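Colleague: Below are the structure tokens for one structure; questions will follow.
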Amino acid sequence: MRAYVVGGAALKIDRHFELGYRDLAYRVVKDCPECSEVDYVIVSSALPELSAHQVDLGTHVVQWIGRRVPVLRVESGESSGLAAVDVAASLVASGRAGRVLVLGVEKVTEYPTYTTNYFYSLTLDFEFEVLRGVSPPAYAALAMKELMSSGVKRECFSGWAVRMHENAMRTPHAMLKFKISPESFRDAQALAEPLTLYDSFAFGDGAAAVVVSSEPSRSDSSPEIVYSGSEVGLPAYLRDRVSDLAASVGLLRRVSEKLGLDLRKAAVELHDSYTVYPVAILKSLGYLDERCDLGEFEHLNLSGGLKARGHPVGATGVYQVYELFKLMTDGLGDRTASAEYGLAHSMSGPDNLSRVVVLKR
């Protein structure tokens, strides 16, 4: 049985200080007409036990939004959202469910930023990395140094950041809806040399929903989920080079070969928690040289990516799939994509786990 994305909605990513997990979930479902008639709910979230002291979030969310259907919560770090879509597609394809609501929701602004950064660092290995003071920005800085020592210019990373902010300006639910210049990028606050604030993603609260169905509801315009899969990588401290993102590169290469998919022609949402990671991935796949010319990519991170759309951690993958669905149907803001394929890519940690979901017209 096939699985189609037939609808969805997304809240603006922001610091919603007045809203909790249940409130965010209720608001996005209220804005989603297709979410009303479903027979299963998958809730995607990474941090509620830490940020809200709440276990069994899926049950509480379903009670709050007024659904009396089976529910399952999926947690897979930063890749939780795509994992939830994978589970939903499997339920539909197996015949266990006919129409599944995937609801990604995350609340990260309940505490000061340094506390949220600590929560986020737990995507790394607590015993071997976090307890020893290793952090995600430290790995990103090491990866950037490696690429720069191999000839990649600093302008490659600033170019990515500038482009993401430009894209976010046209995305209704993006968090950082302002432009930056190469000059402001150069003068940004250092996080871990040479990594700066403008190399990093934006934390925000958010909720996004997509509905996965066994039947297309928009005639032939409902994109089909034709691939979903994942690959586990080596911990960064066991690699020869931190910038070798073998799980993501290998998975994207296999998916491209299997489907005959060219990332330059597809609508792509690539994980860019730090600017170094998409550059490293595209360079390893042979799409970029040291000049980092992105001009051949037709629909790359049109949302603004994690960098500027924002990164509500466990909800991000659901945002990505929603954005691809909108681009391939009635438009994301003022933009549509004529691409045959839409590909969402997510990592948890610095390529500890890579996930991909592919949609096809």
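Colleague: How big is the charge dipole of region 1-74 about its Cα centre, in debye rounded to the nearest 20, if each Lys and Arg gets +1 on its Cβ and each Asp and Glu gets -1 on its Cβ? Mind dumping the intermediate values first?
Modeller: Working: 9 positive and 9 negative charges, 12 e Å.
Magnitude of the dipole: close to 60 debye.
Colleague: Please report, in cubic angstrom per residue, the volume enclosed by the convex hull of the alpha-carbon atoms of region 106-173.
Modeller: Numbers: hull volume 8.5 nm³, N = 68.
Dividing the Cα hull volume of region 106-173 by its residues yields 124 Å³.
Colleague: While we're here: Give Lys145/Lys283; Lys145/Lys265; Lys107/Lys283; Lys179/Lys326; Lys177/Lys360; Lys145/Lys258 a once-over and call out the pairs whose C-alpha atoms are over 25 Å from each other.
Modeller: Lys145/Lys265; Lys107/Lys283; Lys177/Lys360; Lys145/Lys258
Colleague: Could you work out the relative contact order of region 185-295? I mean the mean sequence separation of Cα pairs under 8 Å and 6+ apart, divided by the number of residues, in percent.
Modeller: 23 percent
Colleague: Just the C-alpha atoms of region 212-361: what Rg/Rh do they give, with Rh taken as the Kirkwood radius?
Modeller: Expressed as Rg/Rh, it is 0.96.
Colleague: So what's the back-of-envelope 222 nm ellipticity for the chain, counting only DSSP H runs of four-plus at -39500 (n - 2.57) apiece and dividing by all residues, rounded to 500?
Modeller: Computed ellipticity for the chain at 222 nm equals -10000 deg cm²/dmol.
Colleague: Determine, for Tyr198, Tyr319, the number of other Cβ atoms within 10 Å of each Cβ, and report the residues in order from fewest to most.
Modeller: By the 10 Å Cβ count, ascending, the order reads Tyr198, Tyr319.
Colleague: Now for a different question. Please give me, ordered by residue number, the trypsin sites (Lys or Arg not before Pro) of region 79-181 that lie in loop per DSSP and have at most 13 other Cβ atoms within 10 Å.
Modeller: Of the trypsin sites (Lys or Arg not before Pro), the ones in loops of region 79-181 whose Cβ has at most 13 other Cβ atoms within 10 Å are Arg96, Lys153, Lys179.
Colleague: Okay, next question. Report the net charge of residues surrounding Ala247, where surrounding means a beta-carbon distance below 9 angstrom and charges are Lys +1, Arg +1, Asp -1, Glu -1.
Modeller: Overall, the nearby charge balance is -2.
Colleague: Mind checking the alpha-carbon convex hull of region 255-336 and giving the volume per residue in Å³?
Modeller: It comes to 109 Å³ per residue, whole-number rounded.
Colleague: For region 303-361, what mean projected area does the convex hull of the alpha carbons give, in nm²?
Modeller: The Cα convex hull of region 303-361, projected and averaged over all directions, gives 4.1 nm².
Colleague: Taking Rh as the Kirkwood radius, which is the inverse of the mean 1/r over Cα pairs, what is the Rg/Rh value for region 264-309?
Modeller: Rg divided by Rh gives 0.93.
Colleague: At q = 0.11, 0.21 Å⁻¹, what is the base-10 log of I(q)/I(0) for region 63-147 according to the Debye formula with one equal point scatterer per Cα and no solvent? Please give it to two decimals.
Modeller: -0.50, -1.04
Colleague: Using 10 Å bins from zero, what percent of all Cα-Cα pairs in region 33-176 falls into each bin?
Modeller: For region 33-176, the binned pair fractions read 10, 26, 31, 23, 9, 1 percent.
Colleague: Still on this model: Once the mean 1/r over all distinct Cα pairs of the chain is inverted, what Kirkwood radius in angstroms do you read off?
Modeller: With all distinct Cα pairs of the chain included, I get 20.0 Å.
Colleague: Roughly what % of Cα-Cα distances in region 130-210 sit above 18 Å, to the whole percent?
Modeller: Percentage above 18 Å: 51.
Colleague: With charges only on Cβ, +1 for K and R and -1 for D and E, what is the dipole size of region 237-339 about its Cα centre, in debye, rounded to 20?
Modeller: Using Cβ point charges on Lys, Arg, Asp and Glu, region 237-339 gives about 240 debye.
Colleague: Going by the alpha-carbon gyration tensor, a ≥ b ≥ c the square roots of its eigenvalues, is region 16-92 rounded (a/c under 1.5) or, if a/c is not under 1.5, prolate (a/b greater than b/c) versus oblate?
Modeller: oblate
Colleague: State log₁₀ I(q)/I(0) for region 121-261 at q = 0.11, 0.16, 0.17, 0.19 Å⁻¹ as given by the Debye formula over alpha-carbon point scatterers of equal weight, solvent excluded.
Modeller: -0.63, -1.20, -1.26, -1.33
Colleague: Sticking with this one: Would you mind working out the magnitude of the charge dipole of region 109-164 relative to its Cα centre, with +1 at each Lys and Arg C-beta and -1 at each Asp and Glu C-beta, to the nearest 20 Debye?
Modeller: The dipole of region 109-164 has a size of about 360 debye.
Colleague: Write down the percent of antiparallel bridges among all DSSP beta bridges whose residues are both part of the chain, to the nearest 5.
Modeller: Details: 36 of 52 bridges.
Close to 70 percent.
No lab work stands behind these numbers, since they all come straight from the coordinates. What you see is a predicted model, and the numbers here were worked out from it, not measured in a lab. We place every Cβ from the backbone using ideal geometry, glycine too, and count neighbours over all the protein chains shown.
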